[in-house]
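J.: Below you will find the structure I want to go over with you.
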Amino acid sequence: MHALKKHRPLRRVTLAAVTTVTGVVLLLSLKPHTPPSLAQASSPSSQSASSGSSSGSSGTSKSTGTKTVTGDSVQTRYGPVQVRVTVKNGRITDVTAVAYPQDNPRDQEINSYAIPQLKREVLAAQSAQIDSVSGATYTSGGYTQSLQSALDSAGV
């Protein structure tokens with residue numbers, strides 16, 4: 001017969017109880033990245049994910065034909081994405097990400113690469129019809145949705 005079973009049955013019970021309690025404590029200490037309602041309600045490819053929170057800040061200079069418009073804030077799985085676009089004489093001259101996920105080091109790492117890449121793509125394509133950046137699918141989707149709302153507001 002095994003030594004634990006023969007002499008000390010209480011040791012086995014105590015070990016099982018401590019292991020169970022430790023597992024439950026570790027499981028309960030895990031926190032989700034985003035609230036479940038946000039993760040279920042938004043999708044990078046659906047147009048319904050965009051929320052019209054701020055679509056207004058536009059400044060127009062009539063002498064040069066320059067217009068700066070901020071697009072809608074689009075809620076993605078990892079946080080809101082919002083883009084400001086500058087249009088001069090019908091051409092996109094600048095795109096700035098006003099808001100994007102940067103809550104943790106992983107978000108910062110991904111978006112430090114993705115945001116400049118998306119900006120280059122927009123300036124080259126002169127539209128919101130751009131490819132998404134691999135590894136930043138949600139940010140790319142929110143970026144293009146916010147960009148399209150800004151371009152629509154600018155009349156491009």
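The values are calculated or read from the model by the stated rules, or taken from the named source; none is laboratory data. This is a predicted model, so every value here is computed, not measured. Here Cβ is always computed from backbone atoms with ideal geometry, including for glycine, and neighbour counts include all displayed protein chains. Each accessible area value is taken on the protein alone, full model and side chains, heavy atoms only, with ligands, DNA and RNA left out. Shrake-Rupley method; radii C 1.70, N 1.55, O 1.52, S 1.80 Å.
J.: Scanning region 92-121 for residues that are of a type in the set (Asp, Glu) and in a helix (DSSP H, G or I), which turns out farthest from residue 147 (Cα to Cα)?
T.: 109
J.: So which residues in region 88-101 are among the small types (Gly, Ala, Ser) and either within 17 Å of residue 120 (Cβ to Cβ) or within 13 Å of the chain's Cα centre (by Cα) (or both), if there are any at all? Step through it out loud before you land on a result.
T.: Taking region 88-101 first, the residues among the small types (Gly, Ala, Ser) are 90, 97, 99.
Listed by number, the residues that qualify are 97, 99.
J.: Follow-up question, since we're still on this one. Search region 125-138 for residues that are among the polar types (S, T, N, Q) and pair each with any residue that is in a loop (DSSP other than H, G, I, E, B) when their beta-carbon atoms are under 8 Å apart and the residues are at least 6 apart or on different chains.
T.: Here the result reads 132/44; 137/44, each pair linking region 125-138 to a residue that is in a loop (DSSP other than H, G, I, E, B).
J.: Now a separate question. Output the number of the condition that residue 101 fails; it satisfies all remaining conditions of (1) at pLDDT 90 or above; (2) open to solvent by less than 30 Å² (accessible area, probe 1.4 Å).
T.: Failed condition: (1).
J.: Here is a further query. Filter region 61-87 for residues that are open to solvent by 30 Å² or more (accessible area, probe 1.4 Å), more than 14 Å from residue 122 (Cβ to Cβ) and not in a loop (DSSP other than H, G, I, E, B) and give the result.
T.: 61, 66, 67, 68, 75, 80 - these are the residues of region 61-87 that are open to solvent by 30 Å² or more (accessible area, probe 1.4 Å), more than 14 Å from residue 122 (Cβ to Cβ) and not in a loop (DSSP other than H, G, I, E, B).
J.: Working only within region 122-145, note down all residues that are in a helix (DSSP H, G or I) and more than 20 Å from residue 73 (Cα to Cα).
T.: Step one: of region 122-145, the residues in a helix (DSSP H, G or I) are 122-125, 137-145.
Within region 122-145, 123, 124, 125 qualify.
J.: Now a separate question. Can you name the residue in region 117-143 that is of a type in the set (Ser, Thr, Tyr) and under 12 Å from the mean Cα position of the chain (by Cα) and, of all such residues, is surrounded by the most Cβ atoms within 10 Å (Cβ to Cβ)? Step through it out loud before you land on a result.
T.: Within region 117-143, the first condition is being of a type in the set (Ser, Thr, Tyr), and the residues that meet it are 127, 132, 134, 137-140, 143.
If we keep only those that are under 12 Å from the mean Cα position of the chain (by Cα) too, we end up with 137-140, 143.
On the way: 137: 16, 138: 21, 139: 27, 140: 23, 143: 32.
Among those residues, the one meeting the criterion is 143.
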